[in-house]
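A short worksheet on the structure shown next.
The values are calculated or read from the model by the stated rules, or taken from the named source; none is laboratory data. Everything quoted here is computed from the prediction, not taken from an experiment. Ideal geometry is used to build each Cβ from the backbone, glycine not excepted, and the neighbour counts take in all protein chains shown. When the accessible area is computed, the model is the full protein with side chains, heavy atoms only, and any ligands, DNA or RNA have been set aside. Shrake-Rupley method; radii C 1.70, N 1.55, O 1.52, S 1.80 Å.
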Amino acid sequence: MKYFNIIALIGIVFIVTGCAAKKPVTYDTEHSKALNIVKAADMSYGLKDVTVPKDTVSDVRHSVGYGAAYGLAGFSAPAPGFSSLSTAGLNVLSWALQPKSPAARNSVIAWMPEGIGSDSEDKASAKMSSILIEATEKAARDLGYSPAVGYHKVKQGRTGIVISLTDNDSEYCKLSTFPGDTTSYCNIVYKVRHPQKIIDTADFVGSGATWFFDPRASEFTAMVLDFKDKRMSKYNQMELLIATSKHLPEWVYFYLAPGEVKISVKEKIKVPMILNKGEIHYFIKGV
């Protein structure tokens, strides 16, 4: 069965949860929204803003390339609003991220309101799982896929989810030829781990008591997009994640690490970014 390979990716870990009561950070208008989000999660780890002319920032955020996340995601060529000079500055930029640091891996960062997550970490994890499944299924249908949850396992606070994406009009996500199979090889996997109760949440990501899904933990909530069987990842992962984020609550953020998300079979994003409610937030600021 094709899911055997990806089931092995779902680690068996238990996050020790506790109650954090430190002073919440405040929004810093000198930094990008992306940097403010990771600072609220206390996971900067080498992430920093790139400074570009203000008109460049404005133009790029209203360009077709920005919304669609093609080309511009890698800053590999001048896009609407970018001069060749300012683009070159982004091309050579290095975030110097350590391979195993939280900033070098994809993650789901979320501050779930206590009322939604209920009174236990188990219930909060279960709620997050259902939210991710529902949003991904809606996004997949928006993009012309037929989604199917092929695996959903909950064990001692550790949840693994496999969602298959089938589109017989696509090159790579056609119905599998495996006897008896009703889905394609294209998949996205989520691993959901126990959150931590936060008492004083930063007001720009929530308020009061929330269930914090911590991207710094040794085992963390995330989307898994890379598989030993490369057939499982031959689709535009960036497109799916943007579409999924549109259907997620405002308090859920996708952090995408450089080189960890495909925008085509051969291309991956080259810079870190945050997705929230269908919007891409880069680590850039205008001067």
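Things worth noting here:
- Per residue, segment 137-199 exposes 46 Å² of accessible surface when a 1.4 Å probe is rolled over the protein heavy atoms with every protein chain present.
- Probe 1.4 Å, all protein chains present, accessible-area order of Tyr45, Tyr151, largest first: Tyr45, Tyr151
- Projected label distance in nm at Asp229 and Leu175, using a 7 Å step from Cα toward the beta-carbon: 1.8
- Extended-chain gain in nm, criterion 0.36 nm per residue less alpha-carbon gap, Asp142 and Glu250: 37.0 nm
- Taking a ≥ b ≥ c as the square roots of the eigenvalues of the Cα gyration tensor, an a/c ratio of 1.5 or more together with a/b no larger than b/c marks segment 144-287 as oblate.
- Taking the protein heavy atoms of segment 191-287 in the context of the full set of protein chains, the accessible area attributed to carbon and sulfur is 47 percent at 1.4 Å.
- Proximal lysines relative to Lys228, as straight alpha-carbon distance under 18 Å, when same-chain residues fewer than 8 apart are discounted: Lys2, Lys191, Lys262, Lys266, Lys268
- Prolate is the label for segment 150-226. Its Cα gyration tensor axes, ordered a ≥ b ≥ c, give a/c of at least 1.5 and a/b above b/c.
- Beyond 25 Å in Cα-Cα separation lie the following of the pairs Lys234/Lys270; Lys48/Lys153; Lys100/Lys230: Lys48/Lys153.
- Distance-filtered residues of segment 241-270 - backbone nitrogen under 20 Å, label point 7 angstrom along Val25 Cα→Cβ: 250-258
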